[in-house]
């Protein structure tokens, strides 16, 4: 039993109680946020803002700039998404779940490559190309940037980006030594799959009622 515990949590031996507690709180609200998103519930944004604000602090402290930028971007997109999700498209309906348009697909590609260039510039400026994880971090940042933008616009394709990013993040965070965060992304994979199924059902049901 002790060997299993050491395998999972030995990397926290030199971490402060405050940092460990903050990571657990951030993970909890992260779970809550993704679950609310799966349920198409507006609370996805306030809970997500709590999680991301804590992670911005922790990731800055840990020197993980790409991850920090992801969470800072999440916070900004949460404000934007909160507005989009509550904006009425007519007198009685708010923005519905839908599929991406051709224009939005082009914007998604633009966001992806613009993010790659931006993160590359940041890592170069701070001389952070000292580990292979920096290259993986750059790609996951771009993937998550697109996913968050699509989620804020209530597009079903956001779940595909989350699934891809989560699959990469599980081993990445484990390697970096952040067990709780790695476990969080592991469960995010399943929630994202369920989220895609739920949102697709929502779109199909709306089509049948037209």
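Values in this text are rule-based calculations from the coordinates and carry no lab data. All values reported here derive from a predicted model rather than from experimental measurement. As a convention, Cβ positions derive from the backbone with ideal geometry for all residues, glycine included, and neighbour counts pool all protein chains shown.
The long axis of helix 132-152 is offset from the longest Cα principal axis of the chain by roughly 30 degrees. Using the Cβ-Cβ distance between residue 102 and residue 183 with R0 set to 41 Å, the FRET efficiency works out to roughly 0.60.
Restricting to Cα pairs below 8 Å that are 6+ residues apart, what does the relative contact order work out to for the range 29-100? Please round to a whole percent. Don't skip to the end; give the middle numbers.
Numbers: 68 pairs, mean separation 17.2, N = 72.
24 percent.
When all C-alpha to C-alpha distances in the chain are sorted into bins of 10 Å, what percent of pairs does each bin hold, rounded to whole numbers? Distribution as computed: 8, 34, 35, 16, 6, 1, 0 percent. Short-range pairs are left out: with C-alpha atoms under 8 Å and at least six residues apart, the relative contact order of the range 73-141 is 18 percent.
Using Cβ counts within 10 Å as a stand-in for footprinting exposure, how do 149, 43, 159 rank, fewest first? Write out the running numbers ahead of the final one.
Details: 149 21, 43 13, 159 24.
Least to most surrounded, the residues fall as 43, 149, 159.
When 99, 153, 87 are ordered from fewest to most other Cβ atoms inside 10 Å of their Cβ, what list results?
Values: 99 12, 153 21, 87 9.
Fewest to most other Cβ atoms nearby, the residues stand as 87, 99, 153.
If all Cα-Cα distances of the range 104-210 are sorted into 10 Å bins from 0 onward, what percent lands in each bin, rounded to whole numbers? Taking every Cα pair in the range 104-210, the percentages come to 14, 37, 33, 11, 4, 1. Remark: spin-label model distance residue 204-residue 135 equals 4.1 nm, labels positioned 7 Å along the Cα→Cβ axis.
Which whole-number percentage describes the relative contact order of the chain, with Cα contacts under 8 Å and a sequence gap of 6 or more? Walk me through the numbers on the way to the answer.
Values: 246 pairs, mean separation 46.1, N = 210.
Once divided by the residue count of the chain, the mean separation gives 22 percent.
Axis of helix 102-125 versus longest Cα principal axis of the chain: the two differ by about 20°, to the nearest ten degrees. By other beta-carbon atoms within 10 Å, ranking 19, 204 with the fewest at the front produces 204, 19. Between residue 21 and residue 76, what's the calculated FRET efficiency when r is the beta-carbon distance and R0 is 22 Å? Round to 0.05. Once the sixth-power term is evaluated, E becomes 0.30. The C-alpha atoms of the chain define a longest principal axis, and helix 44-62 lies at about 30 degrees to it.
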